[in-house]
Amino acid sequence: MDLDMVSGSSPPRVTASAPNGQAAANATTDANRRIAEAMDLDDDEVGSLSPLSSLYDEEFDEVLPVHNNNMDALYDSGLPAPRLLGLSLDHPIVVSDDESDDDLYTASPAGGASGTSTPKRVPIYAEGPGELHCPLCGYNFPETWAEIVTKIYDLLLRSYVAPMVRNAARAKPQTLENKLAFIREQRTNPKISMNLAQHHEKHKIICDEHRKRATLHKAKEKDWPKQHDIDFKHLAARVTDLGPTLDDLVEQKHLGHELDFMYKDAMHVWRAGGPNAFRKPQSVSDRLMANRPGYYGPRGAKIIFDTLSFMYLEDSDHGLAPNEAEPFREDEFVTEVLAPTAAVMIIHQDMCARIPKGEPQPTYAEARELMAETAEYGDLLFPMS
């Protein structure tokens with residue numbers, strides 16, 4: 001969701017962890033040393049390889065935590081792909097695919113809105129059966145997509161490898177199998193991460209193509225709602241009908257309401273860093289990305305927010321009082337709590353309507369999971385333009 005869209009559609013008031021420890025630093029420094037030896041890098045190139053833990057602190061403090069659907073923000077900033085810097089989209093990783101190297105595994109960072117850290121062994125470049133991990137953006141896609149594989153292969157040869165490596169690759173039969181093997185061999189090539197920004201426009205076109213194709217493929221497999229299933233004409237009325245339940249949430253948010261999960265998430269961020277950290281533009285942007293309304297996309301997000309903005313910010317009789325929104329401002333409460341909660345409830349209604357009679361009804365937690373899983377799909381289906 002575009003932050004400017006949110007702030008622009010509301011009254012004037014509306015504004016819109018990293019791996020730790022010396023052991024992790026030593027492990028990642030050793031990983032860089034081993035890469036340098038394998039790639040025969042000179043001293044200057046070796047010196048440009050920051051330990052992955054310090055790289056996080058120096059360059060990603062304003063960007064992470066990165067959510068699965070936050071790659072566009074990274075593309076727009078021209079920053080390298082997180083997985084190539086030792087940071088996967090979900091977990092930090094180090095340069096090793098050997099699970100016997102215990103010192104080359106690190107704990108996961110503060111995760112999600114809860115901010116809790118869960119130690120986790122994460123091997124580099126996890127691929128499912130029949131998948132290829134893209135070394136340019138960190139997304140997986142089916143390895144049978146020969147056209148995409150060839151585009152990535154050709155770009156690596158043209159822009160990221162030494163002439164000797166390029167000539168050796170071209171001397172081999174140009175089969176799909178050889179191209180896949182070459183791409184997998186090059187995934188730990190530090191020159192890729194060092195030069196991603198320089199070739200940003202070239203790889204963005206390729207990665208956008210396979211990400212969109214993979215998203216649509218997944219949507220078909222999982223039978224997500226299609227364009228003709230979404231009735232935007234009546235979406236505002238559906239949001240308005242949620243008023244009584246949302247009013248209860250406003251009054252009972254401290255008392256364990258069944259829909260208080262967005263409020264709890266927002267409160268956790270507030271308590272962890274205070275109002276200044278909560279209102280940092282990048283922090284706000286990250287939460288908006290995480291709380292997109294699933295397959296309703298940016299178009300649906302605007303309808304939901306505009307409807308709630310009228311109900312709770314502009315309606316003098318029904319609007320939020322400052323004490324009802326505390327510790328947030330009223331506009332923040334709508335954006336951070338009510339809007340994503342309403343989206344979960346709408347998606348829950350959709351899920352219930354598709355369940356055959358007699359089958360167990362989905363939970364709000366399942367609706368929230370579906371909302372997160374289909375966010376990128378919604379971006380493709382229903383952009384603002």
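Of note:
- Taking the charge dipole of the range 142-263 about its Cα centre, with +1 at Lys and Arg Cβ atoms and -1 at Asp and Glu Cβ atoms, the residue from T215, P163, M194 reaching farthest to the positive side is P163.
- The range 324-385 - charge dipole about Cα centre, Lys and Arg +1 at Cβ, Asp and Glu -1, debye rounded to 20: 400 debye
- Averaged over residues, the count of other Cβ atoms within 10 Å places the peptides 372-384, 186-198, 338-350, 307-319 in the sequence 338-350, 372-384, 186-198, 307-319, highest first.
- Net charge of the neighbourhood of T374, taken over other residues with C-beta under 15 Å away and scored Lys/Arg +1, Asp/Glu -1, is +1.
- If R0 is taken as 25 Å, the Cβ-Cβ distance between K226 and K357 corresponds to a FRET efficiency of 0.65.
- Dipole magnitude for the range 269-374: about 420 debye, using +1 per Lys or Arg Cβ and -1 per Asp or Glu Cβ, origin at the Cα centre.
- Amide H within-cut-off set for E143, under 5 Å, with H built and near neighbours excluded: E131, L132
- Residues in the range 237-252 carry Karplus couplings, in order, of 5, 5, 5, 4, 5, 7, x, x, 5, 5, 4, 4, 4, 4, 7, 10 Hz; the curve used is 6.51 cos²θ - 1.76 cosθ + 1.60 with θ = phi - 60°, and Gly or Pro positions show x.
- For the range 289-337, with +1 on Lys and Arg beta carbons and -1 on Asp and Glu, the positive-most of A290, F310, A325 along the dipole: A290
- For the range 155-265, the Cβ-based charge dipole about the Cα centre amounts to some 1400 debye (Lys, Arg positive; Asp, Glu negative; other atoms uncharged).
- Cα→Cβ-extended label distance, 7 Å offset, between S159 and L255, nm: 5.8 nm
- Separation in nanometres of the label points that stand 7 Å from Cα toward Cβ, at K233 and M194: 5.9 nm
- Each label was represented as a point 7 Å from its Cα along the Cα-to-Cβ direction; for M384 and E201 these points are 2.4 nm apart.
- Relative contact order %, the range 277-385, counting alpha carbon pairs below 8 Å whose residues are six or more apart: 45 percent
- Using 0.36 nm per residue and subtracting the Cα-Cα separation, the extra length available between K264 and E185 on full extension is 24.0 nm.
- Of the accessible area of the range 197-303, computed with a 1.4 Å probe over protein heavy atoms only, carbon and sulfur atoms account for 52 percent.
- Selection from G243, I183, P225 lying farthest towards where the dipole of the range 158-252 points positive, charges on Cβ: I183
- Per-peptide packing, taken as the mean over residues of other Cβ atoms within 10 Å, places 353-361, 326-334 in the sequence 326-334, 353-361 from highest down.
- With a threshold of 27 Å on the Cα-Cα distance, the over-threshold entries among K202/K233; K179/K204; K202/K222; K151/K212 are K202/K233; K202/K222.
The values are calculated or read from the model by the stated rules, or taken from the named source; none is laboratory data. Only a predicted model underlies this, so the values are computations on that prediction, with no experimental measurement involved. Note: ideal-geometry Cβ built from the backbone for every residue, glycine included; neighbour counts use all protein chains shown. Areas reflect the complete protein model, heavy atoms only, side chains present, ligands, DNA and RNA absent. Shrake-Rupley method; radii C 1.70, N 1.55, O 1.52, S 1.80 Å.
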